[in-house]
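S.K.: Dropping the structure in here first, questions after.
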Amino acid sequence: MFWKGLFAGTVGTEAPAGVAEHEVLITEWTTPKGERLPIYFSTTREIDVYALEALCDAVGWAKRPLRKVRKALACSFLVGSLWLEKQPQRRLIGFARATSDHAFNATIWDVVIHPEFQGKGLGKALMRQMIRELRQQEISNITLFADPHVVSFYEELGFHADPEGIKGMFWYPS
């Protein structure tokens, strides 16, 4: 049922003039001054690693070497981002990426929403768009790793612990 509901409609409308045609309007954000600003999902906007790391820092993630962040972005199958538009500026407020075998499987990584915008449905919108994009590429098996405090968030999106009870295995350098 989850998959049928996911593909039955459209999350947002296509972007207007001045915004790339492949971007999707997710919602509008109302500022404290009452100004309504659009939030777009994109898979093609260039990600500034400094802006990405500032976003990750805002949620308390550990600092990562920028050269490795650049490499992770370059090697990702899909990079999705959420942008708050206030012309002429765009602010990165959400991010996720996926790696893949380009045929059957993809794993979603680094899902983050700026704390100022959390609790407004943007994380769910970001994840739904990531799933749509992966499904459009005929990826049928989508996985992720979730910290215990966000498992319920992903369950609400239709993710399940492995139904066969298989536990992931990891190798770490000693």
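Each value in this text was obtained by applying a stated rule to the coordinates, not by laboratory testing. It should be emphasised that the depicted structure is a prediction, and the values quoted were computed from it without experimental measurement. Glycine gets a Cβ as well: all are built from the backbone with ideal geometry, and neighbour counts include every protein chain shown.
S.K.: For every other residue with a beta carbon closer than 11 angstrom to the beta carbon of residue 36, add +1 if it is Lys or Arg and -1 if Asp or Glu, then tell me the sum.
M.R.: -1
S.K.: Let me ask another. In degrees between 0 and 90, to the nearest 10, how far off the longest principal axis of the chain does helix 49-58 point, with axes built from Cα atoms?
M.R.: Computed tilt is about 80 degrees.
S.K.: For the range 74-121, take the convex hull of the Cα atoms, compute a quarter of its surface area, and give me that in nm², please.
M.R.: Over all viewing directions, the range 74-121 projects a mean Cα-hull area of 4.5 nm².
S.K.: Related question: Based on the inverse mean of 1/r over its pairs of different Cα atoms, what is the Kirkwood hydrodynamic radius of the chain, in Å? Intermediate results must be reported in sequence, preceding the final value.
M.R.: Working: mean 1/r = 0.0578 Å⁻¹.
One decimal place: 17.3 Å for the Kirkwood radius.
S.K.: How much mean residue ellipticity at 222 nm does the chain get from its helices, if each DSSP H run of length 4 or more adds -39500 (n - 2.57) and you divide by all residues, to the nearest 500 deg cm²/dmol?
M.R.: The per-residue figure over the chain is -8000 deg cm²/dmol.
S.K.: Moving on. Just list whichever of 71/167; 86/124; 33/63; 33/71 have alpha carbons separated by over 30 Å in the model shown.
M.R.: Cα-Cα > 30 Å for 33/63; 33/71; rest within.
S.K.: Sticking with this one: What is the order of 147, 110, fewest Cβ neighbours within 10 Å to most?
M.R.: Going from least to most buried by this count: 147, 110.
S.K.: What fraction, in whole percent, of alpha-carbon pairs in the range 117-162 exceed 15 Å separation? Could the numbers behind the result be given before it?
M.R.: Working: 493 of 1035 pairs.
Tail of P(r) above 15 Å: 48 percent of Cα pairs.
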